[in-house]
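K.L.:
Let me give you the structure first, and then I'll get to my questions.
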Amino acid sequence: IDFLKLDLNYKKISYTFTYGSIKGDSIGMDIKSKNIAFHRLNIKFSDIFKVGYYESVLINNNPFSFVYFNPLSFITSADLNTGAKETTYNNTLMGFDFEINPFRNLSVQGSLLIDDINFSTIFKNDITSFDNKFGYQIGTMWTNAFTIPDISMVLEYTRLNPFVYSHRFN
């Protein structure tokens, strides 16, 4: 696998960008080229609160594209605005997450995953709305629970809509 990765850190901000090629088939269909572009931004506002944002796109049958190689672009937006027919064959993911540490040894965290967003069908309730798939997670973790060293208690709820992590086409 060939890839290029950029990691930037400045005070309480960290950013990662990766662009690479992956090769494989898609349920028996040979694909000439498949690439991935990914980035993640983390902001630590304080020792108590931090947030993150990430995006990725699996690029189908396009050996290289400057549209996705720009580390400062919004990848999902760039994919939706290329106007290319291949856009519907690409697989995009985007998400947000947060962590709050209100007390020592206690954290509350959550995340939202958006798979293949299509703004024109987001509020429709027909077959076209299958483009928009969501998942979310909320949880809490208590370390050294009941003041017992190395004991952790975790409570978490995760919900994934049907067909999350799948795509419109093979």
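K.L.:
State whether one or more residues within the range 38-57 are modelled with pLDDT under 85 and open to solvent by 60 Å² or more (accessible area, probe 1.4 Å).
P.N.:
no
K.L.:
When you check Ser73 against the structure, is it under 16 Å from the mean Cα position of the chain (by Cα) and at pLDDT below 75, yes or no?
P.N.:
Yes; evaluated as a whole, the condition is true for this residue.
K.L.:
Residues in the range 154-170 that are modelled with pLDDT of 80 or more and surrounded by 13 or more Cβ atoms within 10 Å (Cβ to Cβ): how many?
P.N.:
The number of residues fulfilling the criteria is 2.
K.L.:
Further question on the same structure: For the subset of the range 103-139 comprising residues that are at pLDDT below 95 and among the β-branched types (Val, Ile, Thr), which member is farthest from the chain's Cα centre (by Cα)?
P.N.:
If we take residues in the range 103-139 being at pLDDT below 95 and among the β-branched types (Val, Ile, Thr), then Ile127 is farthest from the chain's Cα centre (by Cα).
The values are calculated or read from the model by the stated rules, or taken from the named source; none is laboratory data. Computed from a prediction, not measured in an experiment: that's the story for all the values here. Don't worry about glycine lacking a Cβ; one is built from the backbone with ideal geometry, like all the others, and counts go over all protein chains shown. Side chains included, ligands, DNA and RNA excluded: accessible areas come from the protein's heavy atoms. Shrake-Rupley method; radii C 1.70, N 1.55, O 1.52, S 1.80 Å.
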